[in-house]
1. Check whether at least one residue in the stretch B:120-137 is modelled with pLDDT of 95 or more, among the acidic types (D, E) and touching a helix residue (DSSP H, G or I) at 6+ places or on another chain (Cβ under 7 Å), and report yes or no.
2. State the number of residues belonging to the stretch B:139-183 that are of a type in the set (G, A, S), within 13 Å of DNA strand D (Cβ to nearest atom) and under 21 Å from B:L100 (Cβ atoms).
3. Residues of the stretch B:28-70 being within 16 Å of DNA strand C (Cβ to nearest atom), surrounded by fewer than 21 Cβ atoms within 10 Å (Cβ to Cβ) and within 14 Å of another protein chain (Cβ to nearest Cβ), which ones?
4. In the set A:L164, A:L146, which member is over 18 Å from A:I15 (Cβ atoms), within 8 Å of chain B (Cβ to nearest Cβ) and either modelled with pLDDT of 95 or more or within 14 Å of the chain's Cα centre (by Cα) (or both)?
5. Give the residues of the stretch A:178-195 that are within 11 Å of DNA strand C (Cβ to nearest atom) and of a type in the set (V, I, T), sorted by residue number.
6. Checking the conditions here, which among A:K186, A:K112 is away from chain B (no Cβ under 11 Å) and farther than 23 Å from A:L26 by Cα?
7. If you check A:S175 against the conditions, is it more than 12 Å from DNA strand C (Cβ to nearest atom) and within 26 Å of A:K36 (Cβ to Cβ)?
8. On the basis of being modelled with pLDDT of 95 or more, under 19 Å from the mean Cα position of the chain (by Cα) and surrounded by fewer than 17 Cβ atoms within 10 Å (Cβ to Cβ), does B:L7 make the cut?
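The values are calculated or read from the model by the stated rules, or taken from the named source; none is laboratory data. Values in this document were obtained by computation on a predicted structure and should not be read as measured data. All Cβ positions, glycine included, derive from the backbone under ideal geometry; neighbour counts span all protein chains shown.
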2 protein chains.
Amino acid sequence: MMMYSLLWENVSRHIKMSEAEKTRFLEDFQLKKLKKKHYLLQEGAVNSNVLFVTEGILRSYAIDQNGFEHVLQFAPQGWWMGDMYSFTRQKLARLFIDALENSSVFMLSKAKLDQLYIDIPQLERYFRILAENSVIAYQKRLISNLSLPAMQRYEAFCNDYPSLIECLPQKQIASYIGVTPEFLSKMLSDRSSRE
Amino acid sequence: MMMYSLLWENVSRHIKMSEAEKTRFLEDFQLKKLKKKHYLLQEGAVNSNVLFVTEGILRSYAIDQNGFEHVLQFAPQGWWMGDMYSFTRQKLARLFIDALENSSVFMLSKAKLDQLYIDIPQLERYFRILAENSVIAYQKRLISNLSLPAMQRYEAFCNDYPSLIECLPQKQIASYIGVTPEFLSKMLSDRSSRE
DNA sequence: CGTCTATTTGAATGTACTCAAAAGCGGTGG
DNA sequence: CCACCGCTTTTGAGTACATTCAAATAGACG
């Protein structure tokens, strides 16, 4: 089925499954469409479903003591999204997840995933690899935050996610790289006036 | 055998193995002792072994354009350590790993781990869980870096790793939380003079 | 259109850094 | 066992990168 293709491509890039397993796997997902700005998770709830984005863009973020948002991740088409802490341990979430555009996502519940790990052991490998890739990305970002000034963090973001630059509001990128929207605006106008 | 106990405890907390599997698993590790300041990995090499610390403390860090070190992780007794990027993809490392104290580590090569995944499929689960926990820790640290001022990052570090405070030089903690050693020193003397 | 939010611009401020120098501390060799 | 050397920590003065607050402008959406 068409709508499953993105998800299935992603999975089959890493592991093999029989036709029966494939069917068993895909049937556990529930499709959900949601409009821009609508939430899939709020701080204080439990993240009971892990998400796979088939259309649109999600973002996860934390809100600090002063009410400022800090973006942890953007998830465009083909990406997984969730609050790993809340989902794996079924504890209260520290993150918010919402849609930056009208979006479609597949949802997979913790209970169903736990059973899938038993029924289709290759999935352990798939999600191990995903988690490892995620570690690699976070390590890279952390080093970038510790060692680069704001302008270079912005340039690194442009390099790493060229397709996101075009569709994200500047404010969201500012939040991701860890500066105020005002400061990002100034940096960019300074840069363009230098040419 | 005594020296394996820490490693085995750690593994058996997450998965079950037969005695035969246990033997098969442990025999793939190679014990290495190394002195303070000695390297287990340098930038530009390939991280061919993942490490499990049985004694001492390791640290992984990057060096930026200006020659400043930025600590990514400390690994005391009972922790795993490696450059995930370099190890999983067998590419040139971006990190350095060295010993902050005289240490003992178990080393497991990429080739042996790949074979272990085939022979003992439960290991997929074990390393999936480790990677997920690692993601959780990095997410927390990133949010902390984005949303807290230096003093609160220091306090968060004290909370998260109380046992490390006592044995790490201040300079290393400064590097981990992302400030200069001079500034951390000033913060701490300011704080103690306030009481 | 009108409203709401995002972006731009500016002036004042602050947190953290740089550079420099002194003091403390630990390890090593004589 | 003490003396010395190197590295860590402290302290201070000057600086810079980034923030805050405010207000004007521009864009997006209903």
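1. Yes, there is a match, as at least one residue in the stretch B:120-137 is modelled with pLDDT of 95 or more, among the acidic types (D, E) and touching a helix residue (DSSP H, G or I) at 6+ places or on another chain (Cβ under 7 Å).
2. Number satisfying all stated conditions: 3.
3. Matches in the stretch B:28-70: B:I63, B:D64, B:Q65, B:N66, B:G67, B:F68, B:E69, B:H70.
4. Values: A:L164 fails: within 8 Å of chain B (Cβ to nearest Cβ).
Answer to the check: A:L146.
5. The one that is within 11 Å of DNA strand C (Cβ to nearest atom) and of a type in the set (V, I, T): A:T180.
6. On the way: A:K112 fails: farther than 23 Å from A:L26 by Cα.
Within the list A:K186, A:K112, the selection yields A:K186.
7. Spelling it out, it is not the case that A:S175 is more than 12 Å from DNA strand C (Cβ to nearest atom) and within 26 Å of A:K36 (Cβ to Cβ).
8. For B:L7, the condition - modelled with pLDDT of 95 or more, under 19 Å from the mean Cα position of the chain (by Cα) and surrounded by fewer than 17 Cβ atoms within 10 Å (Cβ to Cβ) - is not met.
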